[in-house]
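See below for the structure under consideration.
Laboratory data are not the source of any read-out in this text; all were calculated from the coordinates shown. All values derive from a computational prediction rather than experimental measurement. Positions of Cβ are backbone-derived with ideal geometry, glycine not excepted, and every protein chain shown enters the neighbour counts.
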Amino acid sequence: MSDEKTEAEWREILTPEQYAILREKGTERAFTGALWDHKGKGTYSCAGCGTELFDSDTKYDSGSGWPSFWAPVADGRIELVDDSSFGMRRIEAVCANCGGHLGHVFPDGPQPTGERYCINSASLKFEER
Ligand code: FE
């Protein structure tokens, strides 16, 4: 991880909601985030460190109430971690640069990957092109 900060530094640069999700692995409630239904052409970057994570071309409506993508913008941007919290076996998606929690990856996405990156709005920043 190249973007290392102390928790005190993260608290300074993130909003309380961003901190709860990115640093404490929280989850925003479905259909409440700013970006779940967001349309528009551009890039979705990590709200913690600014690394570009997703392109709008891979965003789709999964019906879940969270921003959903079928692929990251490039290899190596997102780290996948086994997560057995809350009695579930899931794959956690983490920003490879700053370690921020983004969401989870499920195997029920559309082709060509069949993957669903289910990401918290609070973990993302959208930039229009
Ligand atoms: Fe990051």
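Run the numbers for residue 91 and residue 8: contour at 0.36 nm per residue of separation, minus the present Cα-Cα distance, in nm. Let's see the in-between values first.
Values: separation 83, 0.36 × 83 = 29.88 nm, distance 2.74 nm.
Taking residue 91 through residue 8 to full extension adds about 27.1 nm, to one decimal.
Cα centroids of the range 98-129 and the range 1-74: 8 Å apart.
Its relative contact order, with pairs defined as Cα atoms under 8 Å and 6+ residues apart, puts the chain at 29 percent. Taking label positions 7 Å along the Cα-Cβ direction at both residue 30 and residue 71, the computed distance is 2.7 nm, reported to one decimal.
Comparing 109, 87, 99 in a Gaussian network model of the chain where C-alpha atoms under 10 Å apart are linked, the largest mean-square fluctuation is found at 87. Taking a sphere under 14 Å around the Cβ of residue 63 and counting the other residues whose Cβ falls inside, with K and R at +1 and D and E at -1, yields a net charge of -1. The GNM of the chain, with springs linking C-alpha atoms under 10 angstrom apart, assigns the highest mean-square fluctuation among 68, 85, 56 to 85. For the chain, what does the alpha-carbon gyration tensor say about shape, rounded, prolate or oblate, given a ≥ b ≥ c as the root eigenvalues, a/c under 1.5 as rounded, and a/b over b/c as prolate? Because its axes are fairly even, with a/c under 1.5, the chain counts as rounded. Within straight cross-link reach of residue 59, meaning Cα distance under 20 Å, which lysines are found once same-chain residues fewer than 8 apart are removed? Cross-link targets: 39, 41, 125. With helices as the sole contributors, the chain gives -2500 deg cm²/dmol at 222 nm; each DSSP H run of n ≥ 4 counts as -39500 (n - 2.57), and the sum is divided by every residue. Sum up the charges of everything whose Cβ sits under 10 Å from the Cβ of residue 72, counting Lys and Arg as +1 and Asp and Glu as -1, but leave residue 72 out. Cβ neighbours under 10 Å give a net charge of -3. Can you tell me how the range 58-105 classifies by the Cα gyration tensor, rounded, prolate or oblate, using a/c under 1.5 as the rounded cut? Judged from the Cα gyration tensor, the range 58-105 comes out oblate (a/c at least 1.5, b/c at or above a/b).
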